[in-house]
Amino acid sequence: MALIVHKYGGTSVGSIEKIGKVADKICAQVKKGDQIVVAVSAMSGETNRLIALAEEMSDQPHPREMDVLVSTGEQVTIALLTMALHDRGCDARSYTGAQIGMITDSAHGKARIRDIQCDAAVHKDLEQGKVVVVAGFQGVDEHGNITTLGRGGSDTTAVAMAAALDADECQIYTDVDGVYTTDPRVEPKARKLDKITFEEMLEMASLGSKVLQIRSVEFAGKYNVPLRVLSSFEEGEGTLIALEDENVEQATISGIAFNRDEAQLTITGVPDKPGVASLILGPITEANIEIDMIVQNVGVDVTTDFTFTVHRNDFAKALELLEKTSKELGAKQVLGDDKIVKVSLVGVGMRSHAGIANTMFQTLAREGINIRMISTSEIKISVVVDEKYLELAVRSLHEAFELDVDGVIA
Ligand code: ADP
Ligand code: ASP
Ligand code: MG
């Protein structure tokens, strides 16, 4: 008998009919003798609908109330799914984040899980043959305030439950049948991977592949939770996210990730002297704006230029702060562009292969795509390009690195 945690995303529970199908799937698994815990998302579109309502109601909704609002989506799904399970003769109980003891910090909208307190009660339910249905995405802080875990956070709920219960596997059911070499909606020739290492999946997720929330991968790596991404609608083995070992495909490049949520800011003609970077970036980070890539040019004469990227949602605020700094520093000008994207090549095999960057730059040049920024690490190379080139960049790199071909690239 295995203990498996399932997670169903928004599209998989997007209608009454689909919730019924999910219930059928769970019942079949229970009949086989497995113990099942299920984490579910809000029905598709619901979280966006709730956010839009809040924006209509108020210019600056209070983060605490925002979480009270957006957490309702998942509560609807747990109740409906549990009803569907009952109707199929499958004993089940639903739990909100607070009821399951999903204790988080108090960072509304991006809370981190600290503890799951009700694991004993859950084990009891499971021993009695009940399916435990948990609302994804939500928790509660030490003062009893409802919190949420950030967009895509139901993945993290599922992995956290699997870690707390020492489950045999955490299965993320979604609208694609696994993790692909890149988003199959952008490159239809993308190839499904049978296995990917935690390290690569973490890099793919942090560089914009929304198939798994980054924190869920961090959690799975930290607590060694076997994690699998599969289709809610079709049978199949999906993709196993595994520790690095000889069984994991060692292609040089395992995938291409991209992020459409970036914006770029530049300040030119700033004095080239110690302390300037912190004078420029200090006010931005103090405003709780996360900075992604940073490039400082080599100083010419006594001045230099400085470019960095932030989340598109923070663009207007960052621009305003930078203009203020620019006046204080006597800089030449401030430029901003929120029509840019970041495209990244990811692969653990990259470590031992020279020439990857060169092939990447040549490929983009051949397509007439100008690179605005570059950043590299041991297992990734990222470039910032104009938004209009996203599809072209992804597809041409996918082809150049032969990612649609199953095999190792020299
Ligand atoms: P869910 O609602 O089930 O959580 P998401 O929309 O969050 O689903 O994640 C699934 C989506 O992730 C897919 O529909 C696909 O467009 C996108 N995606 C991005 N990168 C990849 C990738 N490398 N492999 C598979 N899917 C990807
Ligand atoms: N419903 C939340 C969202 O849309 C959480 C999730 O689906 O994982 O982001
Ligand atoms: Mg998701």
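When you check Gly129 against the structure, is it on the phi > 0 side of the Ramachandran plot, within 12 Å of ligand 3 (Cβ to nearest atom) and out of contact with any strand residue (DSSP E or B) (no Cβ under 6 Å at 6 or more places or on another chain), yes or no? Steps first, please.
On the way: on the phi > 0 side of the Ramachandran plot: yes; within 12 Å of ligand 3 (Cβ to nearest atom): no; out of contact with any strand residue (DSSP E or B) (no Cβ under 6 Å at 6 or more places or on another chain): yes.
No; evaluated as a whole, the condition is false for this residue.
A quick yes/no check of all residues on (1) open to solvent by less than 60 Å² (accessible area, probe 1.4 Å); (2) in contact with a Ser or Thr (Cβ under 8 Å, 6 or more places away or on another chain):
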{"site": "Glu17", "(1), (2)": "no, no"}
{"site": "Ser44", "(1), (2)": "no, yes"}
{"site": "Asn48", "(1), (2)": "no, no"}
{"site": "Asp67", "(1), (2)": "yes, yes"}
{"site": "Ala84", "(1), (2)": "yes, no"}
{"site": "Gln99", "(1), (2)": "no, no"}
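Pick out the one residue from Leu281, Leu202 that is in contact with an Asp or Glu (Cβ under 8 Å, 6 or more places away or on another chain) and more than 16 Å from ligand 2 (Cβ to nearest atom). If you could, list the steps in order and put the result at the bottom.
Working: Leu281 fails: in contact with an Asp or Glu (Cβ under 8 Å, 6 or more places away or on another chain).
Step by step, each of Leu281, Leu202 is checked, and only Leu202 is in contact with an Asp or Glu (Cβ under 8 Å, 6 or more places away or on another chain) and more than 16 Å from ligand 2 (Cβ to nearest atom).
How do the pairs read when you match residues in segment 170-186 that are closer than 10 Å to Ser232 by Cβ and away from ligand 3 (no atom under 13 Å from the Cβ) with residues anywhere that are open to solvent by 10 Å² or more (accessible area, probe 1.4 Å) and part of a loop (DSSP other than H, G, I, E, B), using Cβ under 8 Å and keeping only pairs 6 or more apart or on different chains?
Asp177/Glu234; Asp177/Gly236
Out of the residues in segment 118-127 that are of a type in the set (Asp, Glu) and open to solvent by 40 Å² or more (accessible area, probe 1.4 Å), which is nearest to ligand 1 (Cβ to nearest atom)?
Step one: of segment 118-127, the residues of a type in the set (Asp, Glu) are 119, 125, 127.
Subset that is open to solvent by 40 Å² or more (accessible area, probe 1.4 Å): 119, 127.
On the way: Asp119: 24, Glu127: 29 Å.
Step by step, filter segment 118-127, then rank; the result is Asp119.
Go through segment 128-178 residue by residue and tally those that are within 16 Å of ligand 1 (Cβ to nearest atom), under 27 Å from Lys192 (Cα atoms), outside any loop (DSSP other than H, G, I, E, B) and not hydrophobic (A, V, I, L, M, F, W, C).
Residues that pass the stated criteria total 7.
Which of the residues spanning segment 205-232 are of a type in the set (A, V, I, L, M, F, W, C), open to solvent by 10 Å² or more (accessible area, probe 1.4 Å) and within 15 Å of ligand 2 (Cβ to nearest atom)?
Within segment 205-232, Ala205, Val211, Ile214, Phe219 qualify.
Does segment 144-153 include one or more residues that are in contact with a strand residue (DSSP E or B) (Cβ under 8 Å, 6 or more places away or on another chain) and open to solvent by 10 Å² or more (accessible area, probe 1.4 Å)?
Yes, segment 144-153 has at least one match.
Quick one: which of Glu203, Glu199 is modelled with pLDDT under 95, more than 13 Å from ligand 1 (Cβ to nearest atom) and not in a loop (DSSP other than H, G, I, E, B)? Break it down stepwise before answering.
Numbers: Glu203 fails: more than 13 Å from ligand 1 (Cβ to nearest atom).
After ruling out the rest, the residue left standing is Glu199.
The values are calculated or read from the model by the stated rules, or taken from the named source; none is laboratory data. Nothing here was measured: the structure is a model prediction, and the numbers come from that model. Counting neighbours? That spans all protein chains shown, and the Cβs are built from the backbone with ideal geometry, glycine included. Just so you know, the surface numbers come from the protein's heavy atoms only, side chains and all, with ligands and any DNA or RNA stripped out. Shrake-Rupley method; radii C 1.70, N 1.55, O 1.52, S 1.80 Å.
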